[in-house]
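Structure record follows, encoded as structure tokens.
The values are calculated or read from the model by the stated rules, or taken from the named source; none is laboratory data. What you are looking at is a predicted structure, and each value in this text was computed from that prediction instead of being measured. As a convention, Cβ positions derive from the backbone with ideal geometry for all residues, glycine included, and neighbour counts pool all protein chains shown.
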Amino acid sequence: MEVETENGGNSDGRLLDFLSKGVSDYLFDVGATSGVKITAELSGGEDMKLVTLPQDRSSGRSILSWQDVYSSAVRWRQISEPCDPVVWVNKLSEEFNSGFGSHTPMVLGQAKVIRYFPNYERTLNLTKTIIKEKLCVRSKADKVIDLSKDDKIEEIMRAETCEELHKIVGEDFWVATWCHSTAFEGKRLEGTRITCIRKPGSLGYDFAIRTPCTPARWSDFDEEMTSAWEALCNAYCGENYGSTKLQALETFE
């Protein structure tokens with residue numbers, strides 16, 4: 001069955017409204033032409049209302065943000081994996097404001113987490129590289145721990161386990177990777193955090209990857225995602241896309 005709708009000029013509905021209704025019962029193929037007409041072929045036999053995307057009147061192009069695209073994946077996951085919580089972190093008001101984040105342990109006490117432990121050696125080496133570059137780490141209380149003295153950097157580079165690393169630093173600590181901004185030249189964004197925490201007593205160490213999500217961090221990466229999405233849309237909607245002319249392809253990014 002083919003469903004077709006024309007843009008009447010006043011529609012501000014979203015394609016995602018259609019996608020969220022069809023994910024559980026239908027296989028569909030959706031195509032859009034300049035935000036004016038959208039068609040869909042459904043494998044089901046029921047009629048479904050198909051709405052058009054909001055449109056930028058000045059350019060004639062449909063307005064679809066990166067969050068709209070990811071919302072479709074979120075809805076799909078919520079339906080297909082009802083036991084897994086899939087939410088927008090920035091909508092968890094209290095947790096978001098206090099710095100809610102994901103926690104992916106590779107070593108949990110004395111146990112190796114089978115699913116993530118294959119990344120242990122790589123993460124340990126990355127931790128040492130970051131410490132060598134910055135000459136410091138952050139404590140559990142978010143204070144700077146200076147490691148530039150007493151040959152500690154040399155000892156850290158020789159460490160082969162997270163336990164040895166923790167003993168050299170002397171307390172629980174974390175370091176952060178960095179991402180270079182593509183939206184603002186020269187800007188660096190905090191990536192994921194690598195934490196090393198000693199368990200009480202003699203129960204080993206927690207060596208994990210944590211990704212905090214605070215309002216400031218969300219704002220930074222929202223700008224990055226918006227910029228990247230606009231660049232992708234411009235590339236696919238530009239005059240050079242699909243061209244076989246060498247000169248046109250040289251300017252295509």
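A compact table of results
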read-out	value
Any chance R198 is under 23 Å from G170 (Cβ atoms), free of Cβ contacts under 8 Å to residues at least 60 places away in the same chain and buried (at least 16 other Cβ atoms within 10 Å of the Cβ)	yes
Sole exception among (1) of a type outside the set (A, V, I, L, M); (2) at pLDDT 85 or above; (3) exposed (fewer than 11 other Cβ atoms within 10 Å of the Cβ) for S72, by number	(3)
Number of positions in region 147-159 that are in contact (Cβ under 8 Å) with a residue 24 or more places away in the chain and surrounded by fewer than 16 Cβ atoms within 10 Å (Cβ to Cβ)	1
Qualifying position, being modelled with pLDDT under 90, assigned to a strand (DSSP E or B) and on the phi < 0 side of the Ramachandran plot, among E185, E230, E239, E190	E190
Exclusive hit being farther than 24 Å from T123 by Cα, in contact (Cβ under 8 Å) with a residue 24 or more places away in the chain, surrounded by 14 or more Cβ atoms within 10 Å (Cβ to Cβ) and hydroxyl-bearing (S, T, Y), set T226, T214, T182	T226
E121 farther than 30 Å from A231 by Cα, out of contact with any helix residue (DSSP H, G or I) (no Cβ under 9 Å at 6 or more places or on another chain) and surrounded by fewer than 16 Cβ atoms within 10 Å (Cβ to Cβ)	yes
Unmet requirement for V169, which otherwise passes all of (1) surrounded by 15 or more Cβ atoms within 10 Å (Cβ to Cβ); (2) modelled with pLDDT of 90 or more; (3) closer than 30 Å to N90 by Cβ; (4) out of contact with any helix residue (DSSP H, G or I) (no Cβ under 7 Å at 6 or more places or on another chain)	(3)
